Amino acid sequence: MTEAQSKLSTFPAFFRVSGRTVVVVGEGDEAFAKARLLFNTDARIVVVAEAPEADFSRFIEEKGLVLIRAPFSSALIEGATLVFAATGDGAADRAISTAARALHIPVNAVDQPDYCDFFTPALVNRAPLAVAIGTEGAGPVLAQMIRAQVDQILSPSLGRLASLASSYREAVDRILPRGVTRRVFWRRFFQGAVADAVNNGDIELARRTANTLLNSQGRAAGHVWLVGAGPGAEDLLTLRAQRVMMEADVIVFDALVPQAIVDMGRRDAERLSVGKRKGCHSKSQEEINDLLVELGKAGKRVVRLKSGDPLVYGRAGEEMAALRQAGVTYEIVPGITSAFAAAADFELPLTLRGVASSLVFTTGHDLTGSVLPDWARLAISGATVAVYMGRTVAASVAARLMEAGLPAETTVAVVENASRRDKRLLHGTLKDLPDLEHRDELSGPVMVIIGDAVAGANFEHSEPLVREPVRTTAALGA
C-alpha cells in the first residue's frame, strides 16, 4: 500500500448536537435506523415523513421525536445542524442532499457516498465516552462486526467513570502541574482503585479514593522502560510494550525499529532517533546512556525502544548500569527476538526431539577471533545456532564451523527482515553460506540459522542460497 492509499478520505470528528435540530427525511427502515442512532444523543430530532411505517411511527411517539407530516421542502430543514436523506428513493435522496448543501448544512444520503458530506459510524455508547468505527461507506457490515467486539471489551461502567473524571478536571487543573504528573494521576484514576469502585457501583468510595489520589500526587519521578520492539511486524509488539508506549513522554528508538512501530507511541510524545546502524552511528552507546539518565532525572517517562528483545544483543546491560548508578528507576519489557521470528517464517523447529536439544544465540563476529568459542562445540554436538548480524562474516562462520567438524552439508536457513511483509527467505547448506556475503541486495537485518533441526523447515517459499550460474549459448558461426 502506498502512502497515498493509506490516507483517509474523511476526517473523523464528533458533531456537537446537544439541543440542536437534526432532521431525518424518510418514513421506512432507513429513516428508522438513523433515528435510532440519533437517539443516543440529546439532539432535537425532527422526522419529515408523510406516512411513517408502523414501528417507526410508534418509536417517534414513544421517544418524543418531532414528526412533520408533509412532503419534503427546503424550508423544513432550514436551521438544522445535520440532515439525513433516508427515503429509500435514490433520486429523492439526491434532491434532499442538493437542497441541504445549498443551505450549507452537512448531509448524509443513505447508500449514496457521492451525496454524503459525512458518514454515520458504528457506535459504541458509554456516554460521555463514545467509540465510533467508520469505513468511509466501504464496509458497514465490517464496522458493525468491529463495534460488537469493542462493545465486549469496554466495561459497562466506563461511562460513569468518565463522568466522574469530568467532575475532577477543574481540581486537577488547579492542583497538579501540567505534563507527566497530571498524566500519571489520570492513568491511576482510570486504571486503579477508583475505576474498581465505580465498576462495583460504589460511587462514594470512588470519590473518596479519587480525593486521596489527588491529594497525594507530587512531582512525578522519571522512569525508563527498556522495550523490545520485536523483529519488525507491528502485530508482534507485546501488549505491555504498546501500553507503555502510550504512557511515554519520550521515545528513544534505534534505526532498526520500523517507523510504523515508533508511530504506535503516544501522539504527542517526543521521538528521538539514536539510530545505530553498521558504519553509521548517530550516537555512541555512552551518549545514549547519558541521554536516558538526563531524561529520567528531568522527570520524563521514557521508552527506550530496541529491535527484538532488549536483553539479546541490545546492550541493555550498559544502559541499566547507567540508570542504576544515577538512581533512575527502570524496567524491562521483553520483545520477540529475531531468531524466533526467523524460525516462524521458515516453520522450522529450533529444538527437535532426538536431533537438537540446545539452542545457541550468537553473532558472526564471535567466530572471527583466533580462539574458537565454546558454543561452537555445541554446534558440533547437534545444537541449533542462530547467528545475528551474520551476513558480512558468513564465509568466516562457515569456514570455522567446518574446520571444527560440522559437516559441510548441514542445512542453513537465512531470513532477511524476519516477520515483515518484505521478508526474504533463502536456504542451502553450510558450504553455501559464503555466497551470502555477495548478496548486496540484502540491505535489511539478516538472521542465519544453522543445524540439523533446520532440515525440518518448510522451504516452499524460500530460494536457494547459491544462485544458478547464467548460461549463455554461443551463436553458431556462418
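The values are calculated or read from the model by the stated rules, or taken from the named source; none is laboratory data. Quick caveat, the model's predicted, so the values are computed rather than measured. Note that each Cβ is placed from the backbone with ideal geometry, even for glycine, and that neighbours are counted across all protein chains shown.
Checking the condition in contact (Cβ under 8 Å) with a residue 60 or more places away in the chain and in contact with a strand residue (DSSP E or B) (Cβ under 7 Å, 6 or more places away or on another chain), which residue from A122, A86 passes?
Matching residue, one of A122, A86: A86.
Of the residues that make up region 54-61, is at least one of a type outside the set (S, T, N, Q), touching a residue at least 40 places away in the same chain (Cβ under 8 Å) and not in a loop (DSSP other than H, G, I, E, B)?
The answer is no, given that none of the residues of region 54-61 is of a type outside the set (S, T, N, Q), touching a residue at least 40 places away in the same chain (Cβ under 8 Å) and not in a loop (DSSP other than H, G, I, E, B).
Restricting attention to region 27-44, and to residues there that are touching a strand residue (DSSP E or B) at 6+ places or on another chain (Cβ under 8 Å) and of a type in the set (K, R), which single residue is surrounded by the most Cβ atoms within 10 Å (Cβ to Cβ)?
In this case the residue turns out to be K34.
When you go through D117, D111, D42 one by one, which is the residue that is acidic (D, E), within 40 Å of the chain's Cα centre (by Cα), under 30 Å from L161 (Cα atoms) and not in a helix (DSSP H, G or I)?
D42 is the lone residue from the list that is acidic (D, E), within 40 Å of the chain's Cα centre (by Cα), under 30 Å from L161 (Cα atoms) and not in a helix (DSSP H, G or I).
Among the residues that make up region 191-212, is at least one of them within 30 Å of A326 (Cβ to Cβ) and outside the structural domain of G296 (by TED's automatic domain parsing)?
Yes, region 191-212 contains a residue that is within 30 Å of A326 (Cβ to Cβ) and outside the structural domain of G296 (by TED's automatic domain parsing).
Restricting attention to region 407-417, which residues are surrounded by 19 or more Cβ atoms within 10 Å (Cβ to Cβ) and free of Cβ contacts under 8 Å to residues at least 40 places away in the same chain?
Residue satisfying the conditions is E416 alone.
Looking only at residues in region 427-448 that are crowded, with 19+ Cβ neighbours inside 10 Å and within 29 Å of the chain's Cα centre (by Cα), which one is farthest from V385 (Cα to Cα)?
P445
Hey, among G228, G134, G201, which residue is small (G, A, S) and on the phi > 0 side of the Ramachandran plot?
G201
So which residues in region 125-149 are without any contact (Cβ under 8 Å) to a residue 40 or more places away in the chain and in a loop (DSSP other than H, G, I, E, B), if there are any at all?
P128, T135, G137, A138, G139
In the set F185, F190, which member is surrounded by 19 or more Cβ atoms within 10 Å (Cβ to Cβ) and either more than 20 Å from G296 (Cα to Cα) or not hydroxyl-bearing (S, T, Y) (or both)?
Sole residue among the options that is surrounded by 19 or more Cβ atoms within 10 Å (Cβ to Cβ) and either more than 20 Å from G296 (Cα to Cα) or not hydroxyl-bearing (S, T, Y) (or both): F185.
Scan region 418-438 and give yes if some residue there is without any contact (Cβ under 8 Å) to a residue 12 or more places away in the chain and either part of a strand (DSSP E or B) or not basic (K, R) (or both), otherwise no.
Checked against the condition, which is being without any contact (Cβ under 8 Å) to a residue 12 or more places away in the chain and either part of a strand (DSSP E or B) or not basic (K, R) (or both), region 418-438 yields at least one hit.
Would it be correct to say that V274 is outside the structural domain of L425 (by TED's automatic domain parsing) and under 26 Å from the mean Cα position of the chain (by Cα)?
yes
Just to verify a result, which residue in region 45-68, among those that are closer than 27 Å to H104 by Cβ and over 42 Å from the mean Cα position of the chain (by Cα), is surrounded by the fewest Cβ atoms within 10 Å (Cβ to Cβ)?
Restricting to residues being closer than 27 Å to H104 by Cβ and over 42 Å from the mean Cα position of the chain (by Cα), the top hit is E50.
Among the candidates L158, L237, single out the residue that is under 30 Å from E319 (Cα atoms), surrounded by 13 or more Cβ atoms within 10 Å (Cβ to Cβ) and not β-branched (V, I, T).
L237
Is it true that V17 is of a type in the set (A, V, I, L, M), over 19 Å from A122 (Cβ atoms) and at pLDDT 90 or above?
In short, no.
Take the residues in region 392-411 that are in a loop (DSSP other than H, G, I, E, B) and at pLDDT 80 or above, then tell me which one is nearest to the chain's Cα centre (by Cα).
Among those residues, the one meeting the criterion is T410.
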